[in-house]
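Just below is one structure, and these are the notes that go with it.
The values are calculated or read from the model by the stated rules, or taken from the named source; none is laboratory data. Note that the structure is a prediction, hence the values are computed from the model and not measured. Methodologically, a virtual Cβ is constructed for each residue, glycine included, from the backbone with ideal geometry; neighbour enumeration extends over all protein chains shown. These accessible areas exclude ligands, DNA and RNA; they are computed on the full protein's heavy atoms, side chains included. Shrake-Rupley method; radii C 1.70, N 1.55, O 1.52, S 1.80 Å.
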Amino acid sequence: MSSKKLSQEEVRHDGHSVRASVRATELRAQLNRWLHEYHVLDAPSVADATYDRAYDELVKLEREHPELVTPDSPTQRVGAPPSSKFEKVRHLSAMGSLEKVTTAEALDKWADDVRRRLDTDDGIAYALEPKIDGLAINLTYEHGLFVRGATRGDGEIGEDVTINLRTIPAIPLRMLGDAVPDLIEVRGEVYMPLSGFRALNERLVADGKKPTPNPRNAAAGSLRQKDSSITAARPLSFWAYGIGVHEGAPLASHWQTLQWLKEHGFPINPFAQRLESIEDVAKQCAAWERRRTELDYEIDGIVIKVDDYEQQRRLGALHQRPRWARAFKWAPMTATTRLTKIMVRVGRTGALNPWALMEPVEVGGVVVSRATLHNEEDINRKDIREGDDVIVQRAGDVIPQIVGPAGAHRRGTKPFKMPAQCPLCGTEVVKPEGEAMHRCPNRACPSRGLESLINWVQSAADIEGVGEQLVRRLWELGLVRSLPELYRLTKEQLLELDGFAETSATNVVNAIAASKAIPFRRVLYGLNIPDVGWVTAQNLARHFGSVDRLAGATQEEIIECEGIGPERAEAIAEWFADSDNARLVEELKTLGLRFEADEGDRPVEGPLTGSQYVVTGTLESYSRDEARAALEALGAKVSDSVSKKTTGVVVGESPGSKVAKAQKAGVPLLTEDDLKALLGG
Ligand code: IVH
């Protein structure tokens, strides 16, 4: 072999190629760095495809040179053969648990006790972390390499679930940095993000399996799978919150430990804080209870730890419960109750919406007795029946959801069936091909008119002093059954009703008259055109400028308007082609409502021009529409869905899935206070 040939060809050494070995080391380091950026820092620096290419290259190299496989290779996260049982392992140091407090008074009492035992009034700092509702695990690292992971078990002995923990990308297989301790136990919580939990349940239900009752059970069940490839397919994640035995890591406080863990590649919850007064601790606990539904994971409280390790040592523990820590716990977000009856409400578009009437139960600090059910198919897939004990959940949703029947408890007998006739007008119900919803096809069905009138006074026109109750009364008396009738309502008619006097009747009539001035886009929104919500109405108003131009537009022309696809365009064109609807528009025009775009419809130039916001959940000092209008008045664009272009999502109480979407897209979340600041107080 000539020397030239030698340098071109791969040099064989110890039975494998040096070049392959160097490349494998390079790929491993790079892939582990990218995994860390993605799953721990939440800041990926490369596209998924780049990662996949490098991963595939490493798989190929390792297949050709099996001797190059190392235990910390990202390819070794899955692949161990299914185990028949989990071995018991003794933790090197015991895993304690937390004493809980549920009131500010109990928290104060604890702080008093801490002060008394430490014999000091100041110099006590506290570390706060969200208490993740998952399961505690213990990870052992030897010389930086992950060697064993176990569940908490009874605190002394847990189950060895190493092969399953290896599949969780947020858990490093090798600690970062050169100076790693000889031996360390890292403790933390494995959890399932809410977005992943919902997706998992949808999948389980679609496969004809029972949904999991809550993210905690889902995480626990996923971690106890005998086949680690099932665990690998579950969206599990991890936050580290402490250490056990540690040799060669000089750490003096909990806060220092958290920073140290972060530097060594472990995910630390970004909301961890260090505070120096117990008053601030109490304030934060209260603030967090309000914000708990904004996160993409469930937290059931706040863990408060005396920060200094020397102070912790002096305080000690009682029955495995440290005197230096407390869990400030809130009410759980899931509960079991009895589903008394499945009711059906006909919406303003004719869709039959089933909902559940339940025995009142407290979920996450709120008493609930109603929950939405999506449609007949969904109810029967989840096997929910009248008379069942069911699991109710509030997980960042406005209205509670029924997850499914509560295991082997009391069971109802009959599967649910949608009524064959509309509960309001008796018309034969239809279920269009390919749609999940049953519908009442009768366009004159009273419920449609009533629901859209309610929507008009509460949302589209937002008429002061006219609410759902009054509209229902006027409807039942036959006084107002359409929008034109609302605008023709007289003071005399109102005076005939109980509870109305001269002033109150005049006020109502004046408020109704004043609402004729609402801009065209709000009128469009209130007309109850299928699938035309707040944002679409605005886009249509701006694009077409007048109802005449919109009514005269073809489907193709409507598609040209922002955010409108062929189906919606067809439905809009059909709505305007209907002679009853055309008559309604003419009548409202005659009554003086606005059907031409003007100032009120045009985007305003202002300090927020160029930014785009989404508003979700219930706000305290504004209705959602008011918040949108206020943002628009400063030039912002307000949209219904979160995208990469979204500047921020304003989050009220009980928001929906938009929060998770925003978090995924890296879009900032704004509180009501942030919104107030944005609007200039
Ligand atoms: S510290 C001795 N910190 O709460 C103290 N626990 O009852 C050990 N948990 O089993 C726990 N988040 O499952 C700690 N930031 C956190 C936590 C946390 C959740 C869980 C953990 C533990 C239970 C304590």
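Spin-label model, S641/S621: points 7 Å from Cα along the beta carbon direction are separated by 3.3 nm. Quote the FRET efficiency, to the nearest 0.05, computed for R116 versus E247 with a Förster distance R0 of 45 Å and r equal to the Cβ-Cβ distance. Plugging the Cβ-Cβ distance into 1/(1 + (r/R0)^6) gives 0.85. For the stretch 322-383, the relative contact order comes to 28 percent (Cα pairs under 8 Å, sequence separation of at least 6).
Projecting the Cα atoms of H246, G652, I342 onto the charge dipole of the chain, computed from C-beta unit charges around the Cα centre, puts H246 farthest toward the positive end. Each residue of the stretch 258-275 was assigned a 3J(HN,Hα) from its phi angle through the Karplus curve 6.51 cos²θ - 1.76 cosθ + 1.60 (θ = phi - 60°); the sequence is 4, 5, 5, 4, 4, 4, 9, x, 9, x, 10, 4, x, 8, 4, 9, 10, 10 Hz, with glycine and proline shown as x. Phi-derived couplings, Karplus 6.51 cos²θ - 1.76 cosθ + 1.60 at θ = phi - 60°, listed residue by residue for the stretch 348-360: 6, 10, x, 6, 8, 9, x, 9, 9, 9, 10, 5, x Hz, with x used for Gly and Pro. Distant-in-sequence amide contacts of V346, defined by a placed amide H-H separation under 5 Å and a gap of 5 or more residues or a different chain, comprise N353.
Placing D52, D625, D154 in order of accessible area, with the largest value first and a 1.4 Å probe, yields D154, D52, D625.
For the chain, with all protein chains in place and a probe radius of 1.4 Å, 50% of the accessible heavy-atom surface sits on carbon or sulfur. Ordered from largest to smallest accessible area (heavy atoms of protein chains, 1.4 Å probe), the residues K210, K431, K417, K676 come out as K417, K210, K431, K676. With a Förster radius of 30 Å applied to the C-beta separation of H319 and Q256, the computed FRET efficiency comes to 0.65. When both bridge partners sit in the stretch 571-681, DSSP labels roughly 10% of those beta bridges antiparallel. The angle between the Cα long axis of helix 624-633 and the longest principal axis of the Cα atoms of the chain comes to about 90 degrees, rounded to the nearest 10. Label reach from A287 (point 7 Å along Cα→C-beta): in the stretch 122-156, amide nitrogens under 19 Å belong to 125-132. Set the Förster radius R0 to 35 Å, insert the Cβ-Cβ distance between T336 and E202 as r into 1/(1 + (r/R0)^6), and round the FRET efficiency to 0.05. So, using R0 = 35 Å, E works out to roughly 0.95. Ligands, DNA and RNA are left out, and with a 1.4 angstrom probe the accessible area of the chain is 48 Å² per residue.
Taking amide hydrogens as placed 1.01 Å from N in the peptide plane, the amide H of E653 sits under 5 Å from those of T618, L619, each at least 5 positions away in sequence or on another chain.
Scanning residues 5 or more positions from G244 or on other chains, those with amide H under 5 Å from its amide H are E185, V186, R187, with H placed 1.01 Å from N in the peptide plane. Overall, the chain carries a charge dipole of about 1620 debye about its Cα centre when +1 sits on the Cβ of Lys and Arg and -1 on the Cβ of Asp and Glu, all other atoms neutral.
The protection proxy used here, the mean number of other Cβ atoms lying within 10 Å of each residue, ranks peptides 165-177, 544-556, 489-501 as follows, highest first: 165-177, 544-556, 489-501. For the stretch 244-385, relative contact order (Cα pairs under 8 Å, six or more residues apart, normalised by length) works out to 15 percent. Peptides 653-662, 284-293, 583-592 ranked from most to least packed give 653-662, 284-293, 583-592, packing being the mean of other C-beta atoms within 10 angstrom over each peptide's residues.
Across the stretch 43-55, computed HN-Hα scalar couplings (Karplus, 6.51 cos²θ - 1.76 cosθ + 1.60, θ = phi - 60°) run 9, x, 10, 10, 6, 3, 5, 5, 4, 4, 4, 5, 4 Hz from first to last residue, x flagging Gly and Pro. Under the criterion of Cα pairs below 8 Å and six or more residues apart, the relative contact order for the chain equals 9 percent.
Distance between the pseudo-spin-label points of R411 and K85 (7 Å out from Cα toward the beta carbon): 3.0 nm.
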